[in-house]
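The values are calculated or read from the model by the stated rules, or taken from the named source; none is laboratory data. This structure is a prediction, so every number in the text was calculated from the model and none was measured. Methodologically, a virtual Cβ is constructed for each residue, glycine included, from the backbone with ideal geometry; neighbour enumeration extends over all protein chains shown.
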Amino acid sequence: MAHFRTDIGATNPQASPGNDTYAKELDTEVLIVGAGFGGIYLMHKLRQLGFKSKIYEAGKELGGIWHWNCYPGARVDSMIPIYEYSFPEIYEDWTWSVKYPGFVELRKYFEHVDKKLDIKKDVAFDTRVVGAQFDRLSGKWIVKTEDDRTAKSRYLLLATGFAAKRHFPDWMSIAKFQGEIHHSSFWPDTGVDVKGKRVAVVGTGSTGVQIAQETAKDAASVTVFQRTPNLALPMHQGPVSKENQDKSRYPELFKHRMTTFAGFQYDFIKKRTFDDSPEEREAFFEERFDKGGFEFWLATYDDMLFDEKANDEAYNFWAKKTRARISDPRKRDILAPLTPPHPFGTKRPSLEQNYYEMLDKPENDVVDIKKTPIVEVTETGIKTEDGKIREFDVIALATGFDSVTGGMKNMGLKDVDGVELAEKWKMGTWSYLGMSCAGFPNMFFLYGPQGPTAFSNGPSCVECQGDWIVDALKKLKDEDIKYIDTTREAEETWRQKVTELSDKTLFPKAASWYMGANIPGKRREQLNYAGGIPMYEKECREVLDNFDGFITA
């Protein structure tokens with residue numbers, strides 16, 4: 001019978017005597033929800049300023065997405081040392097083994113972070129928030145947990161990340177399947193034995209690509225059910241020696257990443273696509289492609305994401321390079337069609353290692369579910385609209401998340417009048433600076449809607465927004481301001497700005513999770529700030545001077 005994992009990890013450390021982290025009624029100055037990159041960053045910075053802070057974390061360990069992600073092939077798509085904290089006390093005695101670490105090494109990194117920063121002592125694990133509302137009378141947030149604990153805090157900081165709410169497809173009879181079925185974010189921590197088995201992978205986002213190429217090593221067969229081709233780029237994974245991780249360069253490197261559009265070590269070049277001759281353009285594309293990673297996406301001509309003809313040049317090059325790796329003509333046209341399914345780069349490309357070679361093997365297959373949609377899961381496999389039933393032993397659901405807004409809408413957040421955030425955002429998303437919401441005083445969030453979130457390297461975005469939030473709390477404390485709330489007008493202005501920035505680009509032309517288009521019934525809108533980290537940081541910093549757009553008391 002089909003089953004889903006709901007829990008992973010070892011038994012939690014319980015509160016030690018004198019530690020009130022797991023208190024039935026917790027009272028703290030700052031309550032942070034989420035113990036991934038964002039929550040840990042906020043905790044460390046606030047401790048340094050003397051704020052009494054606690055973290056509520058639904059999982060059993062630190063790491064956020066890297067605590068939950070343990071599916072085959074799960075690894076980050078930002079190269080080290082870009083994908084890590086800029087704290088010297090953490091990086092000075094930490095070295096990575098590969099350019100793009102997998103989940104096992106990332107979990108070890110968070111263990112190292114805890115050894116250095118002693119975060120866990122102020123984290124309540126296995127603690128899922130199910131309700132939260134600001135109480136005007138006491139000037140505090142009242143937060144309820146699933147196991148009936150209550151926390152009161154002056155400030156509520158949400159660090160739930162952009163992929164906190166899983167999306168499950170609504171197929172008929174999913175529970176009838178007699179084999180194993182797992183959502184990628186609920187993958188058993190002990191793994192799934194796929195050796196000699198028939199595996200179905202539903203979805204072709206980064207997760208689907210990683211699961212498919214990894215399980216294809218041992219499985220009897222892998223069949224990918226694809227709605228939209230993933231315009232994946234070569235990762236060029238490889239080992240990194242300790243000698244090549246020169247820590248003396250890190251301060252400058254971390255400073256530089258905050259000056260680039262997406263918080264990486266590289267940026268768009270100040271040249272337009274057709275400034276170069278066809279020969280020069282071909283050579284430039286070849287160079288970027290050969291470097292691997294996101295350079296072909298984020299270190300290319302600066303009109304690639306704005307001009308459709310320029311974008312076509314990038315897509316045609318990608319298709320030529322990718323099609324040359326696929327010998328089967330039917331699979332080639334499904335995986336790398338000659339006509340772009342959407343402008344290149346308007347969906348985040350995945351980084352692959354041998355995805356196309358693996359699917360090209362005769363025992364493996366790819367099904368175009370735009371032409372033949374999945375209609376139901378049977379006891380033995382998956383049935384498509386053409387009546388064909390393909391039999392499997394294992395089904396991997398790489399069906400993604402209600403991204404960017406889903407996590408915040410799924411925790412019972414209510415405004416001061418008792419209206420749930422999920423209801424307020426039913427017809428669209430409103431925030432100010434991508435860090436606050438009207439009617440939710442003394443609450444800030446990071447790595448969520450209408451910030452640089454999905455258009456950035458995670459730690460870069462976290463440190464940019466985290467520093468602003470911490471500085472805002474310090475200013476409130478120093479100036480004895482007890483209450484801060486966003487105005488509705490400021491939200492409207494910010495939403496308009498996010499939309500206008502997006503409309504100048506090609507992003508709205510793709511039905512992507514950037515636009516909320518991956519969830520049936522969800523309003524299609526730009527959920528991310530498309531102006532780049534430097535512009536975003538400048539705008540936010542200008543607001544901090546006088547709290548423009550906020551009501552304070």
(request) Output the qualifying pairs, or none if there are none: Cβ atoms under 6 angstrom, residues six or more apart or on different chains, first residue in the stretch 417-430 and in the same structural domain as residue 133 (by TED's automatic domain parsing) and closer than 19 Å to residue 497 by Cβ, second residue outside any helix (DSSP H, G or I) and of a type outside the set (Ser, Thr, Tyr). (result) 428/523; 428/525; 429/449
(message) Please verify whether residue 395 is at pLDDT 95 or above and farther than 11 Å from residue 200 by Cβ, treating the condition exactly as stated.
(response) no
(request) Within the stretch 71-87, track down each residue that is more than 15 Å from the chain's Cα centre (by Cα) and farther than 25 Å from residue 251 by Cα. (result) 71, 72, 73
(request) Take the stretch 461-502 and flag every residue that is assigned to a loop (DSSP other than H, G, I, E, B) and touching a strand residue (DSSP E or B) at 6+ places or on another chain (Cβ under 7 Å). (result) 481, 483, 487
(message) On the basis of being surrounded by fewer than 16 Cβ atoms within 10 Å (Cβ to Cβ) and either at pLDDT below 95 or out of contact with any helix residue (DSSP H, G or I) (no Cβ under 6 Å at 6 or more places or on another chain) (or both), does residue 535 make the cut?
(response) yes
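Being more than 25 Å from residue 187 (Cα to Cα), crowded, with 16+ Cβ neighbours inside 10 Å and not aliphatic (A, V, I, L, M) narrows it down to one of 290, 328, so name that one. Outline the logic, then answer.
Values: 290 fails: crowded, with 16+ Cβ neighbours inside 10 Å.
Result of the check over 290, 328: 328.
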(message) Looking at (1) part of a loop (DSSP other than H, G, I, E, B); (2) modelled with pLDDT under 90, which one does residue 175 not meet, given that it meets all the others?
(response) (1)
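For the stretch 423-455, which positions are at negative phi and touching a Lys or Arg at 6+ places or on another chain (Cβ under 7 Å)?
Taking the stretch 423-455 as the starting set, the residues that turn out to be at negative phi are 423-427, 429-432, 435-438, 440-441, 443-446, 448-449, 451-455.
Residues satisfying the conditions are 425, 427, 430, 438, 454.
Quick check on the stretch 307-320. Is at least one of its residues assigned to a helix (DSSP H, G or I), in contact with a strand residue (DSSP E or B) (Cβ under 7 Å, 6 or more places away or on another chain), in the same structural domain as residue 271 (by TED's automatic domain parsing) and at pLDDT 95 or above?
First pass over the stretch 307-320, keeping only residues assigned to a helix (DSSP H, G or I): 308-320.
Next cut, in contact with a strand residue (DSSP E or B) (Cβ under 7 Å, 6 or more places away or on another chain) only: 310.
Now narrow it down to the ones that are in the same structural domain as residue 271 (by TED's automatic domain parsing): 310.
Within this subset, residues satisfying the condition of being at pLDDT 95 or above are 310.
Within the stretch 307-320, one or more residues are assigned to a helix (DSSP H, G or I), in contact with a strand residue (DSSP E or B) (Cβ under 7 Å, 6 or more places away or on another chain), in the same structural domain as residue 271 (by TED's automatic domain parsing) and at pLDDT 95 or above.
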(message) Just to check your reading of the model, which residue among 471, 480 is over 16 Å from residue 134 (Cβ atoms) and without any contact (Cβ under 8 Å) to a residue 24 or more places away in the chain?
(response) 480
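Is it true that residue 122 is under 26 Å from residue 255 (Cβ atoms), in contact (Cβ under 8 Å) with a residue 12 or more places away in the chain, among the acidic types (Asp, Glu) and touching a strand residue (DSSP E or B) at 6+ places or on another chain (Cβ under 8 Å)? Working first, answer last.
Values: under 26 Å from residue 255 (Cβ atoms): no; in contact (Cβ under 8 Å) with a residue 12 or more places away in the chain: yes; among the acidic types (Asp, Glu): yes; touching a strand residue (DSSP E or B) at 6+ places or on another chain (Cβ under 8 Å): yes.
Spelling it out, it is not the case that residue 122 is under 26 Å from residue 255 (Cβ atoms), in contact (Cβ under 8 Å) with a residue 12 or more places away in the chain, among the acidic types (Asp, Glu) and touching a strand residue (DSSP E or B) at 6+ places or on another chain (Cβ under 8 Å).
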